[in-house]
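What follows is a single structure, written as structure tokens, with notes after it.
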Amino acid sequence: MKVYVGPATRLQGKVRVPPSKNYTSRYIWVSALTEGESVVVSPATNDDAKALLSCCRRLGAEFWWEEKQLRIKGFGAKPCAPGVLDPGNGGLVLRLLLPVGLLLPEVKYTTSYPASLGKRPQGDLLTVLRRLGAEVEDVDGHLPITIRGGRPLRQRAVTVSGRVSSQFATALLLIAPLLGGLSVQVTDGLVSRPPLATTLAVMAEAGVTPEADWSQLTFTVPAGGYRPGVYRVPGDYPAAAAMLAAAAIVPSAVTLYPLDPLDQQGEKQIIPYLQQLGVTVERAGAEVTVRGGAPLTACAFNGEEAIDAVLSMAAVASLAEGTTTFSRVANLRWKESDRIGDLARSLRQIGVAITETADGFIIKGNPRGYEGGIELDACQDHRLVMAFAVLALRTEKGIIINGAEHVSKSYPGFFTDLAALGARVEEITA
């Protein structure tokens, strides 16, 4: 699908941001790993959530909707043999599902997105599963993957690299109680700490509290089981980042909600960052209001703990006076796309001065905006779709985004909400 986003003179209105993608996936999975019935209130209904629910059903979970609540009857420690699991294009979804192979005689993992998820590395997690006793077949650490488990664990203390993703540790910790307990030490540093903190908080909500030594990056999970619960999904800061960015670069009065100020999502760091750039951002409880249009002055962004907001902030930096260095975001290269290389290539097409670095990129902004009038390929990446749409607002001729449908991975209503604020958004059908 191709979508044209045109230049905007003003954005105004109030938007309810979608429920958190990361919380929804964790709540669904912990509910599936529970014997009994749990309720997830206001879950996300994006592509990742749908893919995870489909896989959970194949594993033996039952679920049904009651208005805006999702009831899930889990399979606990006794999943059904599913044959094949397809996590769609969900990196977290796949990584949550891989360790369940330890409980099954055989399960095969494949994807209908070989050019995206199929290229993402899984080797660090597969190495741990082998050490725990699983037999694993893979293609140099990539899909398709077959796991044969169902045997006693060889050890109860493992190490896993945190260089590529914190999701490997998340996947091991969440399955650990059902394996009889596990100690997980993260090595090679840890990118994106906030998502791992979210995992620990969700586990505690479900009745299993790991011991966490953050200084040594060691996490110990006791044996046991999760208890049924009622889980309330907060608003999604990564999705809000795109709308906040859009409101920051044009005259605006845009309010977003619900955005809990006490939430552990690292992407909430974008609020003080936008303020440093010169954007007026006001908070009243769970509502955040942006009054944009003022001149922007570049300042550096350490995106390590706000990784899913980096591309939206790159769009803002492209319009700021001065040079912005985005650092400690090397793991962006292993997302749905190469979010450094693919971003840089597309921004250069627009006319943005961008230089790739070892752990990020540098942008020299142009406060006057850009000509536009071109088509960009979103590389099957929802974050690129939103970043291109934001930048299009400050072009003379707009931008056509090819692959715009992939925004449904995290924010299905993105273009509808953007148009409701006053942006010119048109689906190209010819």
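The values are calculated or read from the model by the stated rules, or taken from the named source; none is laboratory data. What you are looking at is a predicted structure, and each value in this text was computed from that prediction instead of being measured. Cβ atoms come from the backbone with ideal geometry, glycine included; neighbour counts cover every protein chain shown.
Structure summary
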| read-out | value |
| --- | --- |
| Qualifying residue in segment 7-25 (condition: over 17 Å from Pro234 (Cβ atoms) and aromatic (Phe, Trp, Tyr)) | no |
| The lone exception for Ser337 - which of (1) out of contact with any strand residue (DSSP E or B) (no Cβ under 6 Å at 6 or more places or on another chain); (2) within 22 Å of Val407 (Cα to Cα); (3) at pLDDT 95 or above it fails | (3) |
| Residue list for segment 386-430, filter: closer than 25 Å to Thr255 by Cβ and without any contact (Cβ under 8 Å) to a residue 40 or more places away in the chain | Val407, Thr416, Ala419 |
| Unmet requirement for Glu267, which otherwise passes all of (1) in a strand (DSSP E or B); (2) not assigned by TED's automatic domain parsing to the domain that holds Ser42 | (1) |
| Scan of segment 212-235 for residues that are crowded, with 18+ Cβ neighbours inside 10 Å and either on the phi > 0 side of the Ramachandran plot or not in a loop (DSSP other than H, G, I, E, B) (or both), ordered by number | Leu217, Phe219, Val221, Tyr231, Gly235 |
| Selection from segment 19-34 of residues that are out of contact with any strand residue (DSSP E or B) (no Cβ under 8 Å at 6 or more places or on another chain) and either free of Cβ contacts under 8 Å to residues at least 24 places away in the same chain or of a type in the set (Gly, Ala, Ser) (or both) | Ser25 |
| Any hit, segment 153-162, residues being within 17 Å of the chain's Cα centre (by Cα), buried (at least 16 other Cβ atoms within 10 Å of the Cβ), within 22 Å of Gln264 (Cα to Cα) and in the same structural domain as Thr110 (by TED's automatic domain parsing) | yes |
| Selection from segment 109-128 of residues that are touching a Gly at 6+ places or on another chain (Cβ under 7 Å) and farther than 11 Å from Gly141 by Cβ | Thr111, Ser112, Tyr113, Leu117 |
| Candidates Leu296, Leu277, filtered to the one that is modelled with pLDDT of 95 or more, within 30 Å of Gly189 (Cβ to Cβ) and not basic (Lys, Arg) | Leu277 |
| Residues (under 13 Å from Pro194 (Cβ atoms) and surrounded by fewer than 24 Cβ atoms within 10 Å (Cβ to Cβ)) located in segment 303-329 | Glu304, Glu305 |
| Answer from Val310, Val329 - the residue that is in contact with a strand residue (DSSP E or B) (Cβ under 7 Å, 6 or more places away or on another chain), closer than 24 Å to Pro412 by Cα and among the β-branched types (Val, Ile, Thr) | Val310 |
| Selection count, segment 395-430, where residues are in contact with a strand residue (DSSP E or B) (Cβ under 7 Å, 6 or more places away or on another chain) and either of a type in the set (Ser, Thr, Tyr) or assigned to a strand (DSSP E or B) (or both) | 9 |
| Residue list for segment 231-258, restricted to those being of a type in the set (Val, Ile, Thr) and either outside the structural domain of Thr395 (by TED's automatic domain parsing) or in contact with a helix residue (DSSP H, G or I) (Cβ under 7 Å, 6 or more places away or on another chain) (or both) | Val233, Ile249, Val254 |
| First in segment 361-374 and surrounded by fewer than 16 Cβ atoms within 10 Å (Cβ to Cβ), second anywhere and at pLDDT below 95, Cβ under 9 Å, 6 or more apart | none |
| In segment 339-372, the residues that are under 13 Å from Ala314 (Cβ atoms) and among the aliphatic types (A, V, I, L, M) | Ile340, Leu343, Ala344, Leu347, Ile350, Val352, Ala353, Ile354, Ile362, Ile363 |
| Restricting segment 186-223 to residues that are more than 23 Å from the chain's Cα centre (by Cα) and of a type in the set (S, T, N, Q), the residue that is farthest from Lys78 (Cα to Cα) | Ser215 |
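Yes/no per residue for (1) in a helix (DSSP H, G or I); (2) at pLDDT 95 or above; (3) touching a His at 6+ places or on another chain (Cβ under 6 Å):
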site: Leu129; (1), (2), (3): yes, yes, no
site: Ile145; (1), (2), (3): no, yes, no
site: Gly150; (1), (2), (3): no, no, no
site: Leu153; (1), (2), (3): no, no, no
site: Gln185; (1), (2), (3): no, yes, no
